[in-house]
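Here's the structure we're looking at; comments come further down.
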Amino acid sequence: MKTLNSAKGASRVLKNLKLWNKGEDFVDTDIRIDAEGKLVSKEEKDFKPDQEIDCNGALVLPALFGLGLDFMEPLRDDVYTFKNGLDAMRRGGFYGGLYESAANPIDDADKMVAMKLRFGNCGKNDGMDIKFLGAYSKGFGSDSLAEMLDLADAGAVGFGDGGASIPHSRFLRLAMEYGKMTGKRFFFQPMDKTLRHSGCVHEGAYSDMLGMKGIPRIAETIAAYTVLETARFLQVPVHFKQVTCGETLDLIRNARKQGIDVTCDVGLYHLLLDDSSLETLDSAFHLIPPLRSADDSEALWKGLEDGTVTAISMNLTPVLRQDTEVNFEDSIPGALSLEIALPAIWKKLCARVGVARALELLAFAPARLVGARLPENFENFVVIDPDKPSKVTEKVFAGHVCNSPFLGKELPSSVLGTYINGVWTE
Amino acid sequence: MGALQIKHLFGLQGVSKQDIRTILDNAKQFREILERPIKKVPSLRGLTVVNLFFENSTRTRTSFELAEKRLSADTVNFASSNSSVKKGETLVDTLRNIESMKIDIVVVRHKGTGVPKFLAEHSNAIIVNAGDGAHEHPTQALLDMLTVEEKLGTLEGKKVAIVGDIRHSRVARSNIWGMTTMGAHVTLCGPSTLVPRNTELLQYKELAGSVSWETDVNKAVQDADAVIALRLQKERMDDALLPSMREYRNFFGITEQVLESAKDKVLIMHPGPINRGVELDSEIADGEHSVILNQVTNGVAVRMAVLFLLAGGRNENA
């Protein structure tokens, strides 16, 4: 992965590209990049590129917006940092994202300010649109309300819980009741902790066969129903992160009919994988919420098609190598995603929902959800060759961790380069 | 004696009928050797076996150790309770350290599903699973199968009932795979909180049609050729999976009355240790149908066969 941001780089013209032109339409284009990685307009007649590269009809798409980004910094910067995260975003073609870190609850305004400062000080991030979720409880998972009014003033775009199970019903009500004053949306991982118990995989045929403790679908649906009823009662907007089964989508459909303001996302890996991968016993497939059955995955695709699902989330969760190089149940769940998301899902996504809806799910809707600027004017873009397979190696990932179920696998497409915040990276 | 298609023994899922046949046939020969005045053979002389037990075990570890000594292997015992694992060493580091001592075979027991496979991916040693979580305990199932064949001649067409805490039982899972591969029909029986929750299990690939389950123990043992009672752990009550031992015994215990519907020569089996008066009444455990002590003897023979065949397979490939 090379970043052309120095005078030592070669200037180039990327020829034979197709630029997305709304809907399902593309127009032919070339991209001209100078030696410093800056775009050169067509009006610049004196531009003489060092290289001409034929891109064979590769697509130029607006840059993406990632939901569920845990860059781990500051408390676990031994694992991953803002710098790593921004590098990963550039590699994968993301111009912005929503930061929420399980290890770093932003539960007061000072922490929000400190986080923004830290982000601002980590180098080439000019224009990178990172939004932050505030915590609704102190320290995540406590029974004490966070200072949500202050947090909203400090820039929190919503309130979340760092991926924890939903709190008990009384605290849930109080948190949403208090947070309602901010007008912000609450983000929940729909998971009932008592039904999850010590489960680590989907409760189904594979958990039964392998003797591993399962997490039933009702751990998700009961939690979702509890949240939706509270949202209906209080009239507070809610968002469900990483929905994994069709039953939850049914609850969301019904809730919308009742006028509840509810949005939801589904995870990249939950669309592309299912619990049959558990047969490998490979801890790379250890995700929470768990990969569910093939039928569940298909129900999520149907939710993308019929508009129930608002966005596709990235759920970047870096894990140290030593915490993945153990048996499945003892491993720490999580996966990297930003660098490989687009080449992993683009072809299948377009085949199922078309180009416009695909971009809505990956770029526009997630940005709209958190009030970020929309990627409308191609200030940032990603160039993808849908038909050129790419191999996922450790070098693909930013930082020193590489936990991904796709490590070593071949993806159907390739990112040829990204142009993010004035820097061309390929 | 033929070599095996498998290089390690992680479990019986996916192990061919031919390999199981080879192990059982070899075990029968080792069984005969165990009856001789001098029970030791030089088959594994010069090889070193480490018994890597991350969970407490008395009978399985002793059985493996005895099998290794009968085969003239050098044996080392490693228990996590007094090891570097207690000091925070990772599983891989533990294995690499042990392997650096030039170990040939690792017999491993661990609370986590898939640990034997994981170790094989990080080691050159031959790995034998002595129990991984609730996943598999293949040598226990093999000794169960050997015991049935020894008493009834074959597993083909036999009906085997497994009664008790199926959900948490690695013994049950290995027996499901092994016995169905060898042509038996397996009926699972237990309280609904202690059996697998998903009926898809019964339809899974090669299991389809070979496994059924019952919540009525009388129906489960009807016409059974063998009944395997599983140990009920007291922790299940603490976890609210069962109301009481008393109720379990009354509805799922193997009693004289329950066995009336089984075949006349039904075999009573148990992986041990037994909770007398809970999963098995004493008169059943010690009665004429009980083959529980035969299972223990066969355990040594089966483990000798497994170690011998896996080591032999490796030497042939070298």
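Taken together, the values in this text are just the output of simple stated rules run on the coordinates, not laboratory data. Everything numeric in this text was worked out from a predicted model, so none of it was measured. As a convention, Cβ positions derive from the backbone with ideal geometry for all residues, glycine included, and neighbour counts pool all protein chains shown.
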HN-Hα J in Hz across segment A:354-364 - Karplus 6.51, -1.76, 1.60, θ = phi - 60°, x for Gly and Pro
x, 5, 4, 5, 4, 5, 4, 6, 9, 10, 6
Evaluate E = 1/(1 + (r/R0)^6) for A:Asp25 and A:Glu52, where r is the Cβ-Cβ distance and R0 equals 30 Å; express this FRET efficiency to the nearest 0.05.
0.70
5 Å is the cut-off here: which amide hydrogens, built 1.01 Å from N in the peptide plane, fall below it relative to B:Glu214, excluding neighbours closer than 5 in sequence?
B:Leu188, B:Cys189, B:Gly190
If I require 24 Å or longer along the helix axis, counting alpha carbons, and a Kyte-Doolittle average no lower than -0.5, what helices from chain B are left? Use full DSSP H segments.
B:292-317
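Here are some pairs, A:Lys38/A:Lys347; A:Lys213/B:Lys7; A:Lys15/A:Lys395; B:Lys28/B:Lys265; A:Lys193/A:Lys388; which of them have Cα atoms lying more than 32 Å apart in this structure? Mind showing how you got there, number by number?
Working: A:Lys38/A:Lys347 29 Å; A:Lys213/B:Lys7 28 Å; A:Lys15/A:Lys395 27 Å; B:Lys28/B:Lys265 22 Å; A:Lys193/A:Lys388 43 Å.
Violating the 32 Å Cα-Cα cut-off are A:Lys193/A:Lys388.
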Shape of segment A:65-378, Cα gyration tensor, a/c cut at 1.5
rounded
Treating cross-link reach as a plain straight distance, find the aspartates and glutamates whose alpha-carbon is under 18 Å from the alpha-carbon of B:Lys151, omitting any fewer than eight places away in the same chain.
B:Asp25, B:Glu32, B:Glu35, B:Asp223, B:Asp225, B:Asp264, B:Asp286, B:Glu288
Calculated over segment A:272-356: convex hull of Cα atoms, volume per residue (Å³)
103 Å³
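When ranked by the protection proxy of mean other Cβ atoms within 10 Å per residue, highest first, what sequence do the peptides B:298-307, A:36-45 form?
B:298-307, A:36-45
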May I ask you to order B:229-241, B:261-273 by the average number of other C-beta atoms within 10 Å around their residues, highest value first?
B:261-273, B:229-241
J(HN,Hα) series, segment B:217-222, from Karplus relation 6.51 cos²θ - 1.76 cosθ + 1.60, nearest Hz, glycine and proline x
5, 5, 6, 4, 8, 4
Along segment A:98-112, Karplus-curve 3J(HN,Hα) (6.51, -1.76, 1.60; θ = phi - 60°) to the nearest Hz, with x for Gly and Pro, reads 9, 8, 8, 10, 4, 7, 10, x, 8, 10, 8, 5, 4, 5, 5
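What does the structure give for A:325-335 when I average, per residue, the other chain Cβ atoms found within 10 Å of the residue Cβ? Let's see the in-between values first.
On the way: counts 7, 7, 13, 7, 9, 9, 2, 0, 0, 0, 0.
Partner-chain Cβ atoms within 10 Å, mean over residues of A:325-335: 5.
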In nm, give the distance between the simple-model label positions of A:Glu44 and B:Ile33, each being 7 Å from the Cα along the Cα-to-Cβ direction.
8.0 nm
Net charge near A:Gly68: determine it from the other residues with C-beta under 11 Å of the C-beta of A:Gly68, scoring Lys and Arg +1 and Asp and Glu -1.
-2
Hey, how much of the P(r) for the protein assembly as shown falls beyond 33 Å, as a percent of Cα pairs?
58 percent
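Taking the Cβ of B:Leu267 as the center, what net charge do the other residues with Cβ under 15 Å away carry, scoring Lys and Arg +1 and Asp and Glu -1?
Counting the neighbours of B:Leu267, the net charge comes to -3.
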Considering amide H positions built from the backbone, and no H for Pro or chain starts, which residues 5 or more places from B:Ile254, or on another chain, come under 5 Å of its amide H?
B:Leu280, B:Asp281
If a/c stays under 1.5 just call it rounded; otherwise compare a/b with b/c (prolate if a/b is bigger, oblate if not). Do that for segment A:6-84, with a ≥ b ≥ c from the square roots of the Cα gyration tensor eigenvalues.
oblate
For segment B:138-292, just say rounded, prolate or oblate: build the C-alpha gyration tensor, square-root its eigenvalues into a ≥ b ≥ c, call rounded for a/c under 1.5, and beyond that prolate if a/b exceeds b/c, oblate if not.
oblate
For A:Asp108, net neighbour charge (Lys/Arg +1, Asp/Glu -1) across residues whose Cβ lies under 12 Å away
-3
Under 5 Å between amide hydrogens, which residues at least 5 positions from A:Ala335 or on another chain qualify, with H placed 1.01 Å from N in the peptide plane?
A:Thr317
Partner aspartates and glutamates whose C-alpha sits under 13 Å from that of A:Lys18, ignoring same-chain residues fewer than 8 away, are A:Asp28, A:Asp30, A:Asp54, A:Asp385
Using a Gaussian network for chain A with springs between C-alpha atoms less than 10 Å apart, which of these wobbles most: A:Ala114, A:Ala223, A:Ala152?
A:Ala114
